[in-house]
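Step one of this worksheet: look at the structure below.
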């Protein structure tokens, strides 16, 4: 059932799930018939990166494939820091979760014999990606689960609220502070609960060029960090190499499955450039392809995705979402190469969770992109994100169902809540530009130090709680990137271009530690080009 904020009760024995994407929806359904309050900032089915996913879900369901092979591919791509037990566990649960999704009505593509059709994507050793209508998996999955949620009487749906603070007492969750989405002048809404699941998505919209919706601003990670949660691997941000550059924000995505079907990457001179960079050329790991595309653009040659020979007139039928984005921008991908650039796409880092999805704070679970399970290491294997989301959503539901959740003792106290100022839009624009310029595809120590100082100052001085949360997450990413003086996976330092075996481990950090990094850098002079983040 759906409620609005006007009849929203402030205290509940329900499990409270924040986030209307794949992880939140799947967890709510798996908890039924246990009472759940599901809070979504956008109308259900909108504003979630999972709804925009084109590639599909990786699962070893085809004859001749195996979970062990899937896990091996995941580990090979992850830069030496994948938790191998986690990767294997997820791969082994994949088939069961795919069948769950089928039961909820997800219309996965099938071959002529009725079996699940599987495609291949970058760095997979086998065809193991299940799709919906070629490039519509995310939208179809979220639509099916949204319908199921609306039909489930044990799920109370609250749309239009944003979680802006996590409330704790003695190291345990006591509730949440929420506010009407887009209305910073609104009074905060307080909800008391001893069981909170954060499924708020990633951080892509902290970057000026991204494939993620505006809701992916890192708020879930920030509120957990402010409450003292341990954060893992925040420096590892994956940039999708083939965002379509047609002046839109977010940028439309040209799915990796296009390259899996034979599309190539060329520069403005018509030359394929990935063949000289990696044996797998266009199907190399995403970090390598992203840097290759970035280098061509930086050199002034431009970069393009060319599907004219591989697909031609079949493009519209096989990849209707990408085709529509191109046609809307005046590009016919059947006869023209598509202009592309790397864009912030997926965050391997997030709230540290164990194998059950539990964070370091009692009563707080996290699933989907806001969490960090250790499955992706330094570089996510294509189409593993939706799989991880459903696997951990189911595990979280099982963990909560297996234990008693104490009732809230009292209503939580209202926090000090700064409100938005007229400078917020300009400050957000500067923050996003700084993330792309200094904490982007290629990084260096001076640029990262500048970013750390700017984000720390913004977090400390802003009068907007929403902007403070953005700055908090940006600070965590930049400080950890500054600390990791090597290049590994999606994290590339031009001043430390090689892997350092001594740093072949995951990062575990806190907001307090990130602020200490900022303090240590305060005595270093800012470059003359630096501009204050605060107008």
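The table that follows gives values for the structure above.
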read-out: Set 143, 126, 117, 139: member being surrounded by fewer than 23 Cβ atoms within 10 Å (Cβ to Cβ), in contact (Cβ under 8 Å) with a residue 60 or more places away in the chain, more than 22 Å from the chain's Cα centre (by Cα) and on the phi < 0 side of the Ramachandran plot; value: 126
read-out: Matching residues, region 466-496, being surrounded by fewer than 24 Cβ atoms within 10 Å (Cβ to Cβ) and either out of contact with any helix residue (DSSP H, G or I) (no Cβ under 9 Å at 6 or more places or on another chain) or part of a loop (DSSP other than H, G, I, E, B) (or both); value: 484, 485, 486, 487, 492, 494, 495
read-out: Every residue from region 24-49 that is surrounded by 24 or more Cβ atoms within 10 Å (Cβ to Cβ) and modelled with pLDDT of 90 or more; value: 24, 25, 26, 27, 28, 31, 36, 38, 39, 40, 41
read-out: Lone unmet requirement of (1) modelled with pLDDT of 95 or more; (2) buried (at least 18 other Cβ atoms within 10 Å of the Cβ) for residue 92; value: (2)
read-out: Check on residue 463, touching a helix residue (DSSP H, G or I) at 6+ places or on another chain (Cβ under 6 Å) and under 17 Å from residue 222 (Cα atoms); value: no
read-out: Residue under evaluation residue 200, criteria (1) more than 26 Å from residue 360 (Cα to Cα); (2) assigned to a loop (DSSP other than H, G, I, E, B), criterion not met; value: (1)
read-out: Selection status of residue 499, modelled with pLDDT of 95 or more and assigned to a loop (DSSP other than H, G, I, E, B); value: yes
read-out: Residue within region 166-175 that is touching a helix residue (DSSP H, G or I) at 6+ places or on another chain (Cβ under 8 Å), surrounded by 24 or more Cβ atoms within 10 Å (Cβ to Cβ) and more than 20 Å from residue 48 (Cα to Cα) present; value: yes
read-out: Number of positions in region 62-74 that are touching a residue at least 60 places away in the same chain (Cβ under 8 Å) and surrounded by 20 or more Cβ atoms within 10 Å (Cβ to Cβ); value: 2
read-out: Residue check, residue 90 in a helix (DSSP H, G or I), in contact with a strand residue (DSSP E or B) (Cβ under 7 Å, 6 or more places away or on another chain) and under 25 Å from residue 149 (Cα atoms); value: no
read-out: Subset of region 230-245 (residues that are surrounded by 24 or more Cβ atoms within 10 Å (Cβ to Cβ) and part of a loop (DSSP other than H, G, I, E, B)); value: 233, 234, 235, 236
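The values are calculated or read from the model by the stated rules, or taken from the named source; none is laboratory data. Everything numeric here is computed off the predicted structure, so don't read it as measured data. Here Cβ is always computed from backbone atoms with ideal geometry, including for glycine, and neighbour counts include all displayed protein chains.
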